[in-house]
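The values are calculated or read from the model by the stated rules, or taken from the named source; none is laboratory data. Keep in mind it's a predicted model, so treat the numbers as computed, not measured. Positions of Cβ are generated from backbone atoms using ideal geometry, with glycine treated the same way; all protein chains shown enter the neighbour counts. Accessible surface areas use protein heavy atoms only, side chains included; no ligands, DNA or RNA. Shrake-Rupley method; radii C 1.70, N 1.55, O 1.52, S 1.80 Å.
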Amino acid sequence: MDVDDLSLFVRIAQLHSISAAARDLGLTPAGASAKLAALERKLSARLLHRTTRQATLTEDGLAFLPHAENVVLAAEAARAALGREQAAPRGTLRVAAPASFARMHIVPGLDEFCRQYPELSLDLRISDSIVDLVEGAFDVAVRYTELSDSSFVARRLAPDNRVLVASPKYLEKHGQPNTPDDLAEHTCLVVGTLDLWTFRGKGSEVIERRVTPSLRINDGIAVRDAASAGLGIALMATWCASNELRSGALVPVVSEYPLISTQTLWALYPSSRELAPKVRVFIDWLVNRFGNRPYWDKGLEDILDHRR
């Protein structure tokens, strides 16, 4: 039984589409249909219900799928064991990533990645909505979150440091807040649902303050730009606001009470899948790109100058 035929069947089951699986594997839809039909003849079983819109597993297909997945994963692991050169990443890598982070820190480096792996195509879905990796048939997802779901394997990419910022224009007009309680007298800007701001007090106590925003936007870059324009105080990730902090367009506020962030940037992939070469090289590229101390945080120590 041909492993490539089994790979095609597994990808169709993941994507619910023969044509999408064909594109993923570099086949024509007609060629993929022919290979699938030949596999069904060999097995004397119908594996898929086909319509013009989608392909769904039959009862036999459901029974056969886990066995096909095991064979495909074993073959990929065997190729990988022979060395990276003999397991060259190819096909389509489906990646989900947060919109603002992807625009600022993933897309600008893709030229280097694509030149390094010319046989690999990227299907990059950027959205701040949390996608289902398994249902969406994604190979890997980049997320800034607390890691709590054991159904995923995770590799740490970078810390997700946070800081309160405002423009000099805003502070000149409204004054400088010195404590978390002072924020009640100021205009606050919020990214999405992040309106509970948590600080470390001078005695290391945890201080939580829920702010009532005058402006709420579901995009970090838009909130950063609103803060730079003098609209209010915002809680920002340093990966989003580092350039503005360096230029002075934004300055840190309430610096004696540093923000507590439990979030980290992670690369996640479903634990049920072997780490395929294409996933491994992409995650390795992200880790090397950001490093132990991400480039966006370099040089910010003196600017932030808060007690940790």
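Tell me, what % of the accessible area of the chain is carbon and sulfur with a 1.4 angstrom probe? Can you show the working numbers first?
Working: 7660 of 15500 Å².
The value for the chain is 49 percent carbon and sulfur by accessible area.
I want to check the label-to-label distance for S247 and Q54. Put each point 7 Å from Cα in the C-beta direction and report it in nm to one decimal.
Label-label distance for S247 and Q54, simple model: 4.6 nm.
Considering only the chain, what is the antiparallel percent among its DSSP beta bridges, to the nearest 5?
Just about 65 percent of them are antiparallel.
Obtain the radius of gyration and the Kirkwood radius of the chain from its C-alpha atoms and give Rg over Rh.
On the way: Rg = 24.1 Å, Rh = 22.1 Å.
For the chain, the value is 1.09.
I want to check the label-to-label distance for A78 and L110. Put each point 7 Å from Cα in the C-beta direction and report it in nm to one decimal.
3.5 nm
When ligands, DNA and RNA are left out and all protein chains stay put, how many square angstrom of accessible area per residue does the chain have with a 1.4 Å probe?
With all protein chains present, the chain gives 50 Å² per residue.
Determine the gain in length on full extension of the stretch N292-T212; use 0.36 nm per residue of separation and subtract their C-alpha separation, reporting nm with one decimal.
Extending this stretch completely gives an extra 25.3 nm.
Report the local net charge at I221: Lys and Arg +1, Asp and Glu -1, summed over other residues whose C-beta lies under 12 Å from its C-beta.
Residues near I221 contribute -2 overall.
Antiparallel DSSP bridges in the range 177-308: what percent, to the nearest 5?
Counting DSSP beta bridges with both partners in the range 177-308, the antiparallel share is about 55 percent.
Where does each of 35-42, 217-224 land if you order them by average Cβ count within 10 Å, highest first?
For the peptides 35-42, 217-224, the packing ranking is 217-224, 35-42.
What is the range 177-308 by shape, rounded, prolate or oblate, if you read a ≥ b ≥ c off the alpha carbon gyration tensor as root eigenvalues and call it rounded for a/c under 1.5, prolate for a/b larger than b/c, and oblate otherwise?
prolate
As an exercise, use a Förster radius of 35 Å and the Cβ-Cβ distance of R125 and D225 to find the FRET efficiency, rounded to the nearest 0.05.
Computed FRET efficiency for R125 and D225: 0.90.
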